[in-house]
Structures are given as C-alpha cells and as structure tokens.
Amino acid sequence: MCEPSYRKEDQVFRSEFRETELDGILFNSIITYPNPIVTNKDRVVVEIELVEITDPRIVLPINITSAMILEGTGLFGQNLNRYSLDAPEQRVQIAIPITQSGNQPEENHQLSVRLSLEYIYLHEKQVISDGLLAYDLYGRPVMQIVRDNVLKPNLAIGLEQSMTVIDLTAAARQSTP
C-alpha cells in the first residue's frame, strides 16, 4: 500500500483581518489558517474582538455558541464550546479543527467561518394597568423595557483565498502502489 504524505514546509500560513458589523455590533476578527490544510491535523483559528455596540438595546454579554467552517452547506469542522464577550475591547480565540474533507483526497474549497451568536435585545411595550393602556400626564403611552427577547443571529466571514483541503486517510484508501 502506498503511504500518502505532504511536505510540511510547503504549507503557508495566512492571517486575514476583517471588520464586520452585525445588527448594531462591530467586531474585528483575525482568521489564521494553513494552506493546504490537512484534515484531523490542522485547524482554523478565529480571534474575534468586540469593538463597539452601536445599538443601545443590545445587552452584554454577547455569547458565541458555536463556530463552524463551511462551504455552502458542507461542514468541514466545528467547535461547539461557548465563549463570552462581556465588554468592548474583549477578545476570544476560537480554534476550529478541520475534521471533514470534500469528495477527493485533495480539493480546493472556498470556505467561510460561521459564528452563532446569542444576546439579549431589549424592546419596549406599552404598560397595561387594570386592563387598560397606561398614558402619562401628556397623553403619551407609558412604555416599559422587556428583557425576554433573545436574538440568535449568525456572523459569517468568508475567507479571501480558496483553501486546499487534504485528507490523507482518503488518499491512503484510494492510492495504489
């Protein structure tokens, strides 16, 4: 049986910076990955920083509930640990192992990072007193803040360059001496 291999010195590491805004939240991110990337050996590292919250109805913390590497709907790797951003300028580093490959032992893929977020978004509703809507002395409705609205958006960040994914186990199954 042939033994597949690749030369580690041919692997080039890239770092990409992104500034991303999502519904009133500004993030900076640095994504670091090797090219080619070898399944079950390498990983993509996402360092994400909470820069600013521009919508005052968003309540900290902002929780990252999962991080995935995708091509379309194809899953290449995931990290299901929870991370929390509790204040502006705080950052977390998330390592996402690459555990899946494409259909061939070596293929190019245009991958993206998807972070699932969760945070409380305040909204107002009119106060009801004794079964009637409440108004102040000036005839304006009396409003109250409601904290029970949890938003769960996804932050998607595409990689600039297509990445070669190598699956050495698949290469071993398909190769012949």
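The values are calculated or read from the model by the stated rules, or taken from the named source; none is laboratory data. If you're wondering where the values come from, they're calculated on a predicted model, not measured in any experiment. A quick note on method: Cβ atoms are made from the backbone with ideal geometry, for glycine too, and the neighbour counts reach across all protein chains shown. Accessible surface areas use protein heavy atoms only, side chains included; no ligands, DNA or RNA. Shrake-Rupley method; radii C 1.70, N 1.55, O 1.52, S 1.80 Å.
Annotations
- Within region 133-174, tally of residues that are under 27 Å from Glu107 (Cα atoms), open to solvent by 80 Å² or more (accessible area, probe 1.4 Å) and modelled with pLDDT of 85 or more: 1
- Close pairs from region 144-172: first charged (D, E, K, R), partner modelled with pLDDT of 80 or more and open to solvent by less than 20 Å² (accessible area, probe 1.4 Å), Cβ under 8 Å, at least 6 apart: Lys152/Ser116; Lys152/Leu117; Glu160/Glu16; Asp167/Val38; Asp167/Thr39
- When restricted to residues that are touching a residue at least 60 places away in the same chain (Cβ under 8 Å) and either open to solvent by less than 30 Å² (accessible area, probe 1.4 Å) or among the aromatic types (Phe, Trp, Tyr) (or both), region 36-54 contains 7.
- Applying the condition of being of a type in the set (A, V, I, L, M, F, W, C) and surrounded by 15 or more Cβ atoms within 10 Å (Cβ to Cβ) to region 93-109 and asking which residue is nearest to Leu60 (Cα to Cα) yields Ile94.
- Cβ separations smaller than 9 Å between residues 6+ apart or across chains give the following pairs from region 118-132 residues that are open to solvent by 100 Å² or more (accessible area, probe 1.4 Å) to residues that are among the basic types (Lys, Arg): Glu124/Arg57.
- If you check Ser112, Ser66 for being open to solvent by 20 Å² or more (accessible area, probe 1.4 Å) and closer than 16 Å to Leu155 by Cα, only one passes: Ser112.
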